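Here's the structure, in structure tokens; my notes come after.
The values are calculated or read from the model by the stated rules, or taken from the named source; none is laboratory data. Since this is a predicted model, take the numbers as computed values, not measurements. Don't worry about glycine lacking a Cβ; one is built from the backbone with ideal geometry, like all the others, and counts go over all protein chains shown. Keep in mind that these areas ignore ligands, DNA and RNA; they rest on the heavy atoms of the full protein, side chains included. Shrake-Rupley method; radii C 1.70, N 1.55, O 1.52, S 1.80 Å.
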Amino acid sequence: MRKTIVEKISPDEEPFSEIEEQALRRAGNIIREGGLVAFPTETVYGLGGDALNRESSRRIYAAKDRPSDNPLIVHICRFEDIREIVREVPEAAVRIAEAFWPGPLTMILHKSERVPRETTGGLDTVAVRLPSHPVARRLIACSGGYVAAPSANRSGRPSPTQARYVVEDMDGRVDMILDSGEVGIGLESTIVDLTVTPPQILRPGYVTREMLEEVLGRVDVDAAVISDGSGQTPRAPGMKYRHYAPRGELVIVEGSPERVADYMNCQAAEDKARGEKTGIIGTKEFLGQYRADVVKCLGERTDEESIARSLYSVLRQMDDEQVTKIYSESFSGEGFGQAIMNRLSKAAGHRVVKV
Ligand code: TXA
Ligand code: MG
């Protein structure tokens with residue numbers, strides 16, 4: 001057990017105050033010396049260590065209780081730094097970096113000798129991302145330029161979208177937590193594999209297939225991302241685990257709003273009679289119709305960004321309230337909705353009921 005220091009840093013654009021700048025430099029030194037610092041990005045909070053130090057990567061896996069065959073994303077703060085860690089930079093990488101970096105996009109490329117296999121989970125490829133969050137970028141610069149960072153949750157829990165969730169999962173397991181309040185996007189970055197032709201999306205996110213195709217031409221989506229979870233092995237090793245899971249049993253209900261409400265209310269009443277604590281997750285438009293012990297709002301159905309931002313937080317709140325049976329509305333599998341449904345469906349262990 002170590003002592004975890006929490007430092008508040010305003011998420012607003014630089015310049016940072018003198019005190020914030022000092023905290024960021026201290027955080028950078030912790031990472032240079034092999035320690036761990038959790039920090040905000042525009043997607044979710046990350047758990048950072050020196051990507052070029054194999055010991056740091058081992059520590060990250062230990063802090064998360066994560067299997068070490070699950071590779072880490074290397075975060076950089078300047079495009080040119082990518083040359084150090086990949087074998088070559090293909091034209092496609094330059095084009096999508098121009099379009100989407102800094103931002104919520106991760107590229108898979110062939111790794112260079114500098115990246116230890118501990119960081120890539122034994123693979124010859126490396127995941128690289130240049131985040132846009134000013135705190136993340138300053139921290140990476142202060143840390144020597146290469147920060148390996150998975151989401152800062154314990155393995156199996158939803159990714160943290162607020163520093164207080166990082167504290168819940170990581171207190172005593174990391175040296176420092178940089179607290180910049182709530183993140184902007186709320187779902188992890190889009191991962192695109194550029195080592196295959198055509199490029200393939202391994203994890204959907206804010207940068208959609210349509211957006212990538214505008215820059216790259218044809219882009220495929222890993223079949224496991226859109227399947228029901230049976231059969232297909234996802235190509236991103238981390239996608240095979242039952243991530244993002246609330247402790248209660250979650251079921252997604254698909255159908256017309258009236259039938260969905262009827263079904264969820266009936267099930268919840270039956271569950272309650274059996275002694276379960278029940279929860280319903282829905283959107284503002286339909287929330288008034290739901291009857292359960294705990295009813296949580298994800299945001300407005302017409303505003304996918306609000307839904308993405310609150311999804312993980314709502315799943316954690318269901319845990320906090322010790323709900324044992326949860327029902328959720330379903331979302332469209334198009335555009336950014338694909339990322340929302342992908343995470344929700346994994347959280348539900350792919351239990352979807354059509355009514
Ligand atoms: O938004 C994000 O990407 C956040 C923030 C902190 O940047 N990070 C994040 O990291 O979500 P993590 O470790 O929770 O998820 C990384 C995913 C895993 O599914 C992993 O298997 C996949 O990326 N991955 C990493 N390197 C890979 C590689 N070389 N080939 C295929 N998949 C890879
Ligand atoms: Mg994760």
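Key figures
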{"read-out": "Residue in the range 40-56 that is farthest from ligand 2 (Cβ to nearest atom), counting only those that are outside any loop (DSSP other than H, G, I, E, B) and crowded, with 24+ Cβ neighbours inside 10 Å", "value": "50"}
{"read-out": "Residue in the range 59-67 that is charged (D, E, K, R), surrounded by 23 or more Cβ atoms within 10 Å (Cβ to Cβ), more than 9 Å from ligand 1 (Cβ to nearest atom) and closer than 24 Å to residue 165 by Cα present", "value": "no"}
{"read-out": "Among residues of the range 182-207, those that are away from ligand 2 (no atom under 16 Å from the Cβ) and open to solvent by less than 30 Å² (accessible area, probe 1.4 Å), counted", "value": "6"}
{"read-out": "Of all residues making up the range 212-230, the number that are closer than 16 Å to residue 108 by Cα and either modelled with pLDDT under 95 or within 22 Å of the chain's Cα centre (by Cα) (or both)", "value": "5"}
{"read-out": "The range 150-173, residues that are more than 15 Å from ligand 2 (Cβ to nearest atom) and buried (at least 24 other Cβ atoms within 10 Å of the Cβ)", "value": "163"}
{"read-out": "Count of the range 1-51 residues which are free of Cβ contacts under 8 Å to residues at least 24 places away in the same chain and of a type in the set (Val, Ile, Thr)", "value": "1"}
{"read-out": "Test: residue in the range 268-277 that is surrounded by 18 or more Cβ atoms within 10 Å (Cβ to Cβ) and touching a helix residue (DSSP H, G or I) at 6+ places or on another chain (Cβ under 6 Å)", "value": "no"}
{"read-out": "Failed item in (1) over 20 Å from the mean Cα position of the chain (by Cα); (2) closer than 27 Å to residue 26 by Cβ; (3) open to solvent by less than 30 Å² (accessible area, probe 1.4 Å), with residue 92 passing the rest", "value": "(2)"}
{"read-out": "Close pairs (8 angstrom Cβ cut-off, 6 or more residues apart or separate chains): on the phi < 0 side of the Ramachandran plot and among the hydrophobic types (A, V, I, L, M, F, W, C) in the range 335-355, surrounded by fewer than 21 Cβ atoms within 10 Å (Cβ to Cβ) and in a strand (DSSP E or B) anywhere", "value": "348/251; 352/251; 352/254; 353/251; 353/254; 355/254"}
{"read-out": "Failed item in (1) touching a Pro at 6+ places or on another chain (Cβ under 9 Å); (2) away from ligand 1 (no atom under 11 Å from the Cβ), with residue 121 passing the rest", "value": "(2)"}
